[in-house]
């Protein structure tokens, strides 16, 4: 049966390999539901997967439908699933077979209802970044008065971590590129914003923290900036190197970390089982509904323009979260980051 549209990466390569095609209507198997998709979450890592640059972590083989996170309304349920789910607005990262589509099958155990006080778009923007932010925040939560440094702070997850740290009573140093992004981070309450593409940003962090460095460091940048962020971690502090857009995860020397009493965490600590992913997502949605944090949606693209969305993400054109909206969306040409 044919009748819904999806995006397929026919081969590894640039954004142009993402093409729109007619797909087969999903059917809810046992323990599954079908979701009419209103919002598709997008991630930087999906652009790396598309280029074939993340095969160690994501062994996909073209042709494939990208993505794994959506928000929308449950259209049908399979055997063994409570029929009360039918018609409910939900968000999930338990999609079966790819998320860049108008309708998807998903495992019922991964469904999280959209709480009152949140729109479906806001919930969709938290599908992955909200889940990961809560997984990072729980074991590394800053204590009141402890300095927190966040790199890639103007991205979809970075903006959430800024808000969570501020709510915990932590002074926040937010590192990003370009005045447009720094202005957003000031609006979110960061105590100091630094452009980490300019020389001297590490000196500004040391000066702000009285030379000790930050007690909590969430590094979403990786590469050389991530290595600098590790060096800026205070003795006895906590460091997470979970981002790699700068050319790989931050090189944090375990021997040096042990000598300085720094607790290390990495991307492997974010490989959560399905049940924990759902519980962390529920925590994120509840925090957003309560006003503790809110996603920043920088751009939406129609599903058919997935290639343009990927190009904007790779060019660092979007501040905050980029979403695909199967029902149309608002074509966006974000101004290029300075």
Would you mind finding the one in 288, 204 that is at pLDDT 95 or above and over 16 Å from the mean Cα position of the chain (by Cα)? 204
Name the single residue, out of those in the stretch 275-321 being within 22 Å of residue 57 (Cβ to Cβ) and assigned by TED's automatic domain parsing to the domain that holds residue 102, that is surrounded by the fewest Cβ atoms within 10 Å (Cβ to Cβ). 314
All but one of (1) modelled with pLDDT of 95 or more; (2) assigned by TED's automatic domain parsing to the domain that holds residue 37 hold for residue 117; which doesn't? (1)
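The values are calculated or read from the model by the stated rules, or taken from the named source; none is laboratory data. All values derive from a computational prediction rather than experimental measurement. Counting neighbours? That spans all protein chains shown, and the Cβs are built from the backbone with ideal geometry, glycine included.
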